[in-house]
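Peer 1: I'd like to ask you about the structure that follows.
The values are calculated or read from the model by the stated rules, or taken from the named source; none is laboratory data. For clarity, every value in this text was computed on a predicted model and none was experimentally measured. Here Cβ is always computed from backbone atoms with ideal geometry, including for glycine, and neighbour counts include all displayed protein chains.
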Amino acid sequence: MPENSKKIDIEYKKTCDCQDNHINCLDAKEWVKNQVAVWEFFYEKRDVRDKNIHPAVFPIALPKKCIELFTQKGELVLDSFAGIGTTLIAAQDLERNAVGFDLNKKYIDYIKKRMAQNRLDLGRKTKQLAICGDAINIPKYLEKETISLCVTSPPYAIMLNHKRLNKSIRGNLRENKYFNKIQQYSNNPRDLGTMKLKEYTEALAEIYKGILPLLKPKAHCVININDLWENNHRYPTHSYIIEAMDKVGYEFRNIIIWDKRDLVNKVGIYGWPSNYITLSTTFEYILDFWKP
C-alpha cells in the first residue's frame, strides 16, 4: 500500500456486551491477577524463535495479555513496529481488529503467511492488516481517536548493529551460531535499530507524537524495551523513553518487569571476578502510558 493512500477501512468499535466505561472484558478476579507488576511469559508452538527469520521477537503471550487488559472485543489495536506479526496473531486470537506497520517488506510478507496459517474459520469478523511503511506515516492511514491500544516492542537502538561477541568464560557451554555476526533488521537509515541512543529516542518520540491523536481518550500505549549495554556502560533506555513520551503528551501510568529468568539457559559468567554486571537478558521493561 503506498504512503499516499486513503485511510484504512477497518472497524474500531467494541462488539461485546461489556459496559462502555470498562477498559476490558475481564472480571474482577482476572483483574486482580493482572495487578502484579512482574509478568512471566512462556513460548508456545506457534511462536517463532528462529533468529534467522527475525533477530528479536516477543512471545504471543505478551501482546495477548496487553490486549486483554486494555481493549474490548472488536476494538482496534496498533503495532507500530510489527516485526513478524506477533501482535497481529494475538489480536486475531482475541477477536480484535489490528494494524501492524514495518519498514521491512520481507517481514510483512512473512506476517501474511503466518496470519493465513493461524486463521481459523470461526465466523470471526475482525480484520488484521500488515502494512509495509515507515511508522512516521501511520497518521496517513488511520482516523483520529480510533485506536484503543498501541502495543509494540520497537527496535532497541544499536543493540543489534554490531557483531555479536561472546565474552563468557563459560562460552564452551553455549551455542555460538551467531557469534561474530551482525543480526540487524535492515540497513535502512529510517530503521530505529541503526540509530545511536539520542537519535533513537528522538525518532521514537516523533513517531508516537503522530500516533497520539489517533488514540481514543485514555487509550493505552505499551512499549516493551530493554536498557542498552555498550562499551562497559549501561544506558537507562527505559528512563529516556519515559521522559520523551511525557514531552510529546503521553502520561506514564505503570512500569512492569518482564521476568525472563526461565527463558534464559546456560548464561555466561560476565565480569568475574572484578566487574559486577547484572544480566539484562533476564528481564525487560514493559512501559504503560495512556493518552490523558
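Peer 1: Those residues that are surrounded by 13 or more Cβ atoms within 10 Å (Cβ to Cβ), at pLDDT below 85 and either under 15 Å from F42 (Cβ atoms) or out of contact with any helix residue (DSSP H, G or I) (no Cβ under 9 Å at 6 or more places or on another chain) (or both), I need them from region 256-268; list them, please.
Peer 2: The answer is L263, and nothing else.
Peer 1: Please enumerate the residues belonging to region 123-143 that are among the charged types (D, E, K, R) and either under 20 Å from V222 (Cβ atoms) or without any contact (Cβ under 8 Å) to a residue 60 or more places away in the chain (or both).
Peer 2: R124
Peer 1: Continuing with this model, one more query. Could you identify the single residue in N176, N180, N188, N161 that is within 16 Å of F81 (Cα to Cα) and either touching a helix residue (DSSP H, G or I) at 6+ places or on another chain (Cβ under 7 Å) or modelled with pLDDT under 90 (or both)?
Peer 2: N188
Peer 1: Go over the candidates I84, I67, I53 one by one and state the one that is among the aliphatic types (A, V, I, L, M) and modelled with pLDDT of 95 or more.
Peer 2: So the residue among I84, I67, I53 that is among the aliphatic types (A, V, I, L, M) and modelled with pLDDT of 95 or more is I67.
Peer 1: Quickly run through region 250-286 and pick out the residues that are farther than 17 Å from Y156 by Cβ, basic (K, R) and either touching a Phe, Trp or Tyr at 6+ places or on another chain (Cβ under 6 Å) or not in a helix (DSSP H, G or I) (or both).
Peer 2: Once the filter is applied, which keeps residues that are farther than 17 Å from Y156 by Cβ, basic (K, R) and either touching a Phe, Trp or Tyr at 6+ places or on another chain (Cβ under 6 Å) or not in a helix (DSSP H, G or I) (or both), region 250-286 yields R253, K266.
Peer 1: From A90, A98, A82, which residue is of a type in the set (A, V, I, L, M, F, W, C), part of a loop (DSSP other than H, G, I, E, B) and buried (at least 20 other Cβ atoms within 10 Å of the Cβ)?
Peer 2: Result: A82 is the single residue among A90, A98, A82 that is of a type in the set (A, V, I, L, M, F, W, C), part of a loop (DSSP other than H, G, I, E, B) and buried (at least 20 other Cβ atoms within 10 Å of the Cβ).
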